[in-house]
1. In the stretch 1-25, which residue that is open to solvent by less than 40 Å² (accessible area, probe 1.4 Å) and part of a loop (DSSP other than H, G, I, E, B) is farthest from Leu63 (Cα to Cα)?
2. Could you tell me which numbered condition Glu46 fails, if it satisfies all but one of (1) among the acidic types (Asp, Glu); (2) touching a residue at least 40 places away in the same chain (Cβ under 8 Å); (3) surrounded by 13 or more Cβ atoms within 10 Å (Cβ to Cβ)?
3. Hey, does the stretch 99-112 have a residue that's open to solvent by 50 Å² or more (accessible area, probe 1.4 Å) and of a type in the set (Ser, Thr, Tyr)?
4. Just to be sure, is Tyr59 exposed (fewer than 14 other Cβ atoms within 10 Å of the Cβ), without any contact (Cβ under 8 Å) to a residue 60 or more places away in the chain and aromatic (Phe, Trp, Tyr)?
5. For the stretch 100-110, does any single residue satisfy the condition of being modelled with pLDDT of 95 or more and out of contact with any Lys or Arg (no Cβ under 7 Å at 6 or more places or on another chain)?
6. Name the residues in the stretch 53-62 that are more than 15 Å from Ser79 (Cβ to Cβ) and either of a type outside the set (Lys, Arg) or part of a loop (DSSP other than H, G, I, E, B) (or both), would you?
7. Out of the residues in the stretch 78-98 that are open to solvent by 30 Å² or more (accessible area, probe 1.4 Å) and within 11 Å of the chain's Cα centre (by Cα), which is nearest to Val117 (Cα to Cα)?
8. Please go through the stretch 14-41 and pick out each residue that is modelled with pLDDT of 95 or more, over 11 Å from Asn96 (Cβ atoms) and not hydrophobic (A, V, I, L, M, F, W, C).
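The values are calculated or read from the model by the stated rules, or taken from the named source; none is laboratory data. Because the structure is predicted, anything quoted here is derived from the model rather than measured. Glycine also receives a Cβ, built like all others from the backbone with ideal geometry; neighbour counts cover every protein chain displayed. These area figures cover heavy atoms from the full protein model, side chains too; ligands, DNA and RNA do not enter into them. Shrake-Rupley method; radii C 1.70, N 1.55, O 1.52, S 1.80 Å.
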Amino acid sequence: QVQLVESGGGLVQAGGSLRLSCAASGSIFNYLTMGWYRQAPGKERELVATITNGSSTKYADSLKGRVTISRDNNKNTVSLQMNSLKPEDTAVYYCNGRIYGAYGRILREFWGQGTAVTVSS
């Protein structure tokens, strides 16, 4: 079992920056593809960024250039640096961990409780 605990959310003015962190418990972190997702009020949860255990990254098109995902396999952490924040970035941000099997099938998935980010205009 893996527990994911996010931190770093808060209130920031438009144009500002935040760094979110996610700490993972358990011994399988190095096998997980980690990701950040977000859910704004009244909207569906959406992908922000993912990073594989080999540190290959993927970003949502709408966020490319403003966010950077990174991981530290020694510390079992994954971070999301967000810059040039906009009011529309306001959401609860969730840390996610997945183990993929053949053909991209998700074998196991873990979610954190989320951390709220509010961007004021």
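1. The extreme case among them is Val2.
2. Exception for Glu46: condition (2).
3. Checked against the condition, which is being open to solvent by 50 Å² or more (accessible area, probe 1.4 Å) and of a type in the set (Ser, Thr, Tyr), the stretch 99-112 yields at least one hit.
4. Numbers: exposed (fewer than 14 other Cβ atoms within 10 Å of the Cβ): no; without any contact (Cβ under 8 Å) to a residue 60 or more places away in the chain: yes; aromatic (Phe, Trp, Tyr): yes.
No, not satisfied.
5. Within the stretch 100-110 (the criterion being modelled with pLDDT of 95 or more and out of contact with any Lys or Arg (no Cβ under 7 Å at 6 or more places or on another chain)), the answer is yes, since at least one residue qualifies.
6. Residues of the stretch 53-62 that are more than 15 Å from Ser79 (Cβ to Cβ), as a first pass: 53-54, 56, 58, 60-62.
Within the stretch 53-62, Asn53, Gly54, Ser56, Ala60, Asp61, Ser62 meet the criteria.
7. Applying the first criterion (open to solvent by 30 Å² or more (accessible area, probe 1.4 Å)) to the stretch 78-98 yields 81, 83-84, 86-88, 90, 92, 94, 98.
Right, trim to within 11 Å of the chain's Cα centre (by Cα) and you get 81, 92, 94.
Working: Gln81: 12, Val92: 6, Tyr94: 11 Å.
Per the stated criteria, the residue is Val92.
8. Gly15, Gly16, Ser17, Arg19, Ser21, Gln39
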